[in-house]
Amino acid sequence: MSERKEKVANYLKELTAEFLGRENNRTSLITVTSATCSPDLKRATIFITVFPIEKEKTALEFAKRKRGELREFLKKVMTTKNIPFIDIAIDLGEKHRQKIDELLRE
């Protein structure tokens, strides 16, 4: 990954975590685990985990609903010329890691 792409992805991750932390209604804990950007920096995917797991679907819908507001927030804060279109997804890698940890503890 290019250094610029990595920087933008990390910055998006931090800003999205800040935004979701403010907007979240506290019925679940939404953690931003990572972010990826397309090579042209026009698209980004933000990966999240949700606790408790039963609230995952609701939290993902909430985060996706807030994408417009998130984009406005990013426009105000980011100094880059283009603000990427954001998609939000559940971090399955993190989910699998937690499952493995659980199995190892048994």
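Bear in mind these aren't lab numbers, they're just calculated from the coordinates by the rules spelled out. Since the structure is predicted, the reported quantities are computational estimates derived from the model, not experimental observations. Counting neighbours? That spans all protein chains shown, and the Cβs are built from the backbone with ideal geometry, glycine included.
Being out of contact with any strand residue (DSSP E or B) (no Cβ under 8 Å at 6 or more places or on another chain) and either of a type in the set (S, T, N, Q) or under 13 Å from residue 89 (Cα atoms) (or both) narrows it down to one of 72, 61, so name that one.
Values: 72 fails: either of a type in the set (S, T, N, Q) or under 13 Å from residue 89 (Cα atoms) (or both).
Matching residue, one of 72, 61: 61.
Could you list, in sequence order, all residues of the range 75-106 that are closer than 23 Å to residue 29 by Cβ, within 13 Å of the chain's Cα centre (by Cα) and surrounded by 11 or more Cβ atoms within 10 Å (Cβ to Cβ)?
86, 87, 88, 89, 90, 91, 94
Take the range 46-70 and flag every residue that is surrounded by fewer than 17 Cβ atoms within 10 Å (Cβ to Cβ) and either among the hydroxyl-bearing types (Ser, Thr, Tyr) or part of a strand (DSSP E or B) (or both).
Those that are surrounded by fewer than 17 Cβ atoms within 10 Å (Cβ to Cβ) and either among the hydroxyl-bearing types (Ser, Thr, Tyr) or part of a strand (DSSP E or B) (or both): 51, 58.
Inspect all residues belonging to the range 77-97 and state whether any of them is in a helix (DSSP H, G or I) and within 17 Å of residue 5 (Cβ to Cβ).
Residues of the range 77-97 that are in a helix (DSSP H, G or I), as a first pass: 77, 92-97.
This time we only want the ones that are within 17 Å of residue 5 (Cβ to Cβ), so: none.
No, because not a single residue in the range 77-97 is in a helix (DSSP H, G or I) and within 17 Å of residue 5 (Cβ to Cβ).
I'd like the full set of residues that are among the aliphatic types (A, V, I, L, M) and over 12 Å from residue 90 (Cβ atoms), limited to the range 28-56. Outline the logic, then answer.
Initially, the range 28-56 is screened for residues among the aliphatic types (A, V, I, L, M), giving 29-30, 32, 35, 41, 44, 46, 48, 50, 53.
Within the range 28-56, 29, 35, 41, 44 meet the criteria.
Filter the range 1-27 for residues that are over 22 Å from residue 92 (Cα atoms), in contact with a helix residue (DSSP H, G or I) (Cβ under 9 Å, 6 or more places away or on another chain) and in a loop (DSSP other than H, G, I, E, B) and give the result.
Of everything in the range 1-27, just one residue is over 22 Å from residue 92 (Cα atoms), in contact with a helix residue (DSSP H, G or I) (Cβ under 9 Å, 6 or more places away or on another chain) and in a loop (DSSP other than H, G, I, E, B), namely 25.
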